[in-house]
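Notes follow once the structure below has been shown.
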Amino acid sequence: MRTTQRGDERILSSDVFERAGSYQRPVLGSWHEPGREIPIYHRCEVLVVGGGPSGTAAAAAAARQGADVALLERYNHLGGLSTGGLVIWIDRMTDWDGKLVIRGFAEELFDRLPAEAVAGPSRAEWGSRDASKASYWANRTAAYHGVVTWSPTIDPERLKLLSQEIVLERKVKLIYHSWAAQPIVEGSAVRGVVFESKEGRMAIMAKVVVDATGDGDIFARAGAAFDNDIEEADVHHCMNTSWLFGGVDMNRWIDFKTSQPELHAAFMARGRQENGLFERPFVSWRNDVALFMGPRQSGYSALDIDDLTEVEIRSHRAMAAHLEFFRRHAPGFENAFLMLSAPQIGVRHARRLRGVDSVLRSRWPDGVPLADEVGVTPAVSPKFPNISIPYGALVPQSLDGLLACGRHISCDKNSHGFMREIPQCWITGQAAGTAAAVAVAAGVEPRSVKITSVQAALAKQGVFLRAADVDAVAEQQAA
């Protein structure tokens, strides 16, 4: 076990647990797959592959922009890790002054979620440096570096339903229980995907494909360049399956943690000693539900099915061991029960696109709005200004017909630590979907869109931008 500390370049502190041994898969030969005709299931203008945070935002934005859109999702719900992965702690959407900079689709979601489905500080508290407020919210996932932030926890079932209804309202063709298997590449451009389902193997053709798989499955199989470097000691490159315990009293737990720090430290030490894999609980959207975001396990690849299986096995065993230990020793957990393990494994990193441009650590101190800015993200600490997200980070270096969004966009390893978070996925998804629709309307490849047209459309959708005088751009586009 290693412990990583939160600092100026990392937003999480956590125990990281190394893999237990290694497995060498035997070579068992191969089988030749005969060629065959694949029926075309659907034709559309924009195909979004993956219905996680970025894919949902991309589909909603492209449809809002007037495109004919299809959304292909392998599970039975939208939201990805924010719902099925139980990553219900939504990271910071405000900057260090309390200004809401993750807006657009993200803001629409929170405007429409029921009040009882969201827990977090009031708008008046965002940006507060009052020590008592920061101390209170630091134990409820919403204060960092002594600053209260808008980083709420949410009800995953409500977010599933709302995400689904938004895309259906906009006439997106939603396709559940379907797993994209292979991109259809014509020349140097992606023009659709082959997918697998209970009906067998079929194809969807599109003018632009948005890869929102999170792991870069489509752009990688289409031949685009990418990076998949892993830092085993880095929490941002770990995997885990999250879970929920019901029947708890998180206020009692927090009181124990804050009023008796020595006993709390002893409790955590004993948990590590007796259980090996051990994780602390976080608050959720309800006081009687606890969230466990781990244990975070390193040394495993999200692109290896044996590794994925091993992480699931270890995580589910850890869930049962945690329940027994917390029931016996943790205030507020005496009546806890196994409520839910995440249907989706928590993958933080697999591949990162090599794009026309990237989100780069070297630009953090500048805070300069890039000319092709399509979104703004808060920096990892008050030491840095807000960070500009360039459109070029969504565009492959040479592959046409495709845009990327979500945790696999083009960025360096340090920037990936926050660009993989759910709010940033909403932002890059909205940018990719909007740009795809603009490209289709203009009859050009995504790399050739007029960036001011994309920025004007994003500004009209409520996205926070600084790169251009977006009001003047919007007026120009309307004229």
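The values are calculated or read from the model by the stated rules, or taken from the named source; none is laboratory data. Since this is a predicted model, take the numbers as computed values, not measurements. Positions of Cβ are generated from backbone atoms using ideal geometry, with glycine treated the same way; all protein chains shown enter the neighbour counts. What goes into the accessible areas is simple: the full protein's heavy atoms, side chains included, and nothing from ligands, DNA or RNA. Shrake-Rupley method; radii C 1.70, N 1.55, O 1.52, S 1.80 Å.
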Checklist entry - If you scan region 105-137, which residues turn out to be over 27 Å from A459 (Cα atoms), of a type in the set (A, V, I, L, M) and over 22 Å from the mean Cα position of the chain (by Cα)? => result A131, A134
Checklist entry - So which residues in region 51-70 are open to solvent by less than 10 Å² (accessible area, probe 1.4 Å) and either part of a loop (DSSP other than H, G, I, E, B) or in contact with a strand residue (DSSP E or B) (Cβ under 7 Å, 6 or more places away or on another chain) (or both)? => result G51, G55, A58, A59, A62, V69, A70
Next on the checklist: Anything in region 412-439 that is surrounded by fewer than 24 Cβ atoms within 10 Å (Cβ to Cβ), touching a Ser or Thr at 6+ places or on another chain (Cβ under 7 Å) and part of a helix (DSSP H, G or I)? List them, or say none.
Outcome noted: F418
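Condition (residue is touching a Pro at 6+ places or on another chain (Cβ under 9 Å), of a type in the set (S, T, Y) and under 30 Å from S341 (Cβ atoms)) applied to region 189-197: is it met by at least one residue? Talk me through it step by step, then tell me what you get.
Taking region 189-197 first, the residues touching a Pro at 6+ places or on another chain (Cβ under 9 Å) are 190-194.
Keeping just the survivors that are of a type in the set (S, T, Y) gives none.
No, every residue in region 189-197 fails to be touching a Pro at 6+ places or on another chain (Cβ under 9 Å), of a type in the set (S, T, Y) and under 30 Å from S341 (Cβ atoms).
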Next on the checklist: So in region 136-160, with the set limited to residues that are free of Cβ contacts under 8 Å to residues at least 40 places away in the same chain and surrounded by fewer than 19 Cβ atoms within 10 Å (Cβ to Cβ), which one is nearest to T83 (Cα to Cα)?
Outcome noted: A138
Next on the checklist: Take I230 and tell me if it is among the β-branched types (V, I, T), at pLDDT 95 or above and more than 26 Å from V438 (Cα to Cα).
Outcome noted: no
Item to check | Index of the failed condition, R221 passing every other in (1) within 29 Å of R296 (Cα to Cα); (2) out of contact with any Leu (no Cβ under 9 Å at 6 or more places or on another chain); (3) in contact (Cβ under 8 Å) with a residue 24 or more places away in the chain; (4) open to solvent by less than 40 Å² (accessible area, probe 1.4 Å) | outcome: (4)
Next on the checklist: Of all residues being under 25 Å from I389 (Cβ atoms) and among the basic types (K, R) in region 71-123, which is most open to solvent (accessible area, probe 1.4 Å)? Just the residue, please.
Outcome noted: R123
Checklist entry - So, of the residues in region 331-367 that are aromatic (F, W, Y) and assigned to a loop (DSSP other than H, G, I, E, B), which turns out to be nearest to the chain's Cα centre (by Cα)? => result W364
Checklist outcome for this item: Per the list (1) over 30 Å from V194 (Cβ atoms); (2) part of a loop (DSSP other than H, G, I, E, B), residue check on H77 breaks on (1)
